[in-house]
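Accompanying notes for the structure given below.
The values are calculated or read from the model by the stated rules, or taken from the named source; none is laboratory data. Here the structure is a predicted model, which means the values were calculated and not measured. All Cβ positions, even for glycine, are placed from backbone atoms using ideal geometry, and neighbour counts span all protein chains on display.
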Amino acid sequence: MDVKVTEKAKSRLHDMGVSDEVFLRIGVTSGGCSGNAYDAVLDDVMKEVDDVYYEDGPLRIVSDKVSSIYLDGLTIDFSDDLIEPGFRLTNTNAKGSCGCGSSFSTDSVPNVETSFSV
């Protein structure tokens, strides 16, 4: 599983409370204009269907096994620009995205960037 997290995103996640006990949970749900949407929350309870897909010191990214098929090739970055600050996900599995960038499909143009807020 190839998941990358930039230094800027790591710093922001630590500022938000990621620690040895608290991890970032990323799920993929059906929805949005393009068919799939990310769901990301800070959590401290592992579920039976969860696996850790990224670990660097206290930073862990956890997902359920069904959502994990969309996480291989994922890069998480953070932008603090004035127009739209937030986390940016670039996913090599995403083939298209809706106009606002909050959902993605797995059917046409590669390396689509989407955003989420935790």
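Applying the selection to segment 51-74, what residues are crowded, with 18+ Cβ neighbours inside 10 Å, in contact with a Ser or Thr (Cβ under 7 Å, 6 or more places away or on another chain) and assigned to a strand (DSSP E or B)? If you could, list the steps in order and put the result at the bottom.
Applying the first criterion (crowded, with 18+ Cβ neighbours inside 10 Å) to segment 51-74 yields 53-54, 59-63, 67-68, 70-71, 74.
Retained after the next criterion (residues that are in contact with a Ser or Thr (Cβ under 7 Å, 6 or more places away or on another chain)): 53, 71.
Across segment 51-74, the qualifying residue is only Y53.
On the basis of being assigned to a helix (DSSP H, G or I) and in contact with a Leu (Cβ under 7 Å, 6 or more places away or on another chain), does L24 make the cut? Spell out how you get there, then give the answer.
Numbers: assigned to a helix (DSSP H, G or I): no; in contact with a Leu (Cβ under 7 Å, 6 or more places away or on another chain): yes.
In short, no.
Could you grab me the full set of residues in segment 75-106 that are modelled with pLDDT under 80 and part of a loop (DSSP other than H, G, I, E, B)?
Selection gives T92, N93, A94, K95, C98, G99, C100, G101, S102, T106.
Condition test on V41, is it at pLDDT 75 or above and not basic (K, R)? Walk me through how you get there before you give the answer.
Details: at pLDDT 75 or above: yes; not basic (K, R): yes.
So V41 passes the test.
In segment 35-50, which residues are surrounded by 12 or more Cβ atoms within 10 Å (Cβ to Cβ) and either assigned to a strand (DSSP E or B) or in contact with a helix residue (DSSP H, G or I) (Cβ under 6 Å, 6 or more places away or on another chain) (or both)? If you could, list the steps in order and put the result at the bottom.
Here is the first cut: in segment 35-50, the ones surrounded by 12 or more Cβ atoms within 10 Å (Cβ to Cβ) are 35-40, 42-43, 46, 50.
Passing the criteria: N36, A37, Y38, D39, A40, L42, D43, D50.
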